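K.L.:
First the structure, which I've put down as structure tokens, then a few questions once you've had a look.
The values are calculated or read from the model by the stated rules, or taken from the named source; none is laboratory data. Computed from a predicted structure; not experimentally measured. Here Cβ is always computed from backbone atoms with ideal geometry, including for glycine, and neighbour counts include all displayed protein chains. These area figures cover heavy atoms from the full protein model, side chains too; ligands, DNA and RNA do not enter into them. Shrake-Rupley method; radii C 1.70, N 1.55, O 1.52, S 1.80 Å.
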Amino acid sequence: MEIKQIQVTIERALADGRLSRLESEAIKTAIYADKKVTSEEAHLFSLLQEKIWQGEVLIDDPD
């Protein structure tokens, strides 16, 4: 999957400031689609993790 498509997937998932398990799985699936992770993909995932750690994005409870 192209990096731009992954970026759009992440942006859509984070539009409401929350990350559901389904959205998280969609992002991971997009990143691993070609069975390898590029440095750009790793960087996007790292930025996502930072947003979670800093409290900019909340993780939805599965309940």
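K.L.:
With the requirement that a residue be open to solvent by less than 60 Å² (accessible area, probe 1.4 Å) and either basic (K, R) or within 15 Å of E23 (Cα to Cα) (or both), what does the stretch 46-61 give you?
P.N.:
Passing the criteria: L48, I52, V57, D60.
K.L.:
Within the stretch 1-22, which residues are touching a residue at least 12 places away in the same chain (Cβ under 8 Å) and of a type outside the set (V, I, T)?
P.N.:
Across the stretch 1-22, the qualifying residues are M1, Q5, Q7, A13, L14, G17, R18, L19, S20, R21.
K.L.:
Go over the candidates E25, E40 one by one and state the one that is in contact with a helix residue (DSSP H, G or I) (Cβ under 6 Å, 6 or more places away or on another chain) and open to solvent by 80 Å² or more (accessible area, probe 1.4 Å).
P.N.:
Of E25, E40, the one residue that is in contact with a helix residue (DSSP H, G or I) (Cβ under 6 Å, 6 or more places away or on another chain) and open to solvent by 80 Å² or more (accessible area, probe 1.4 Å) is E40.
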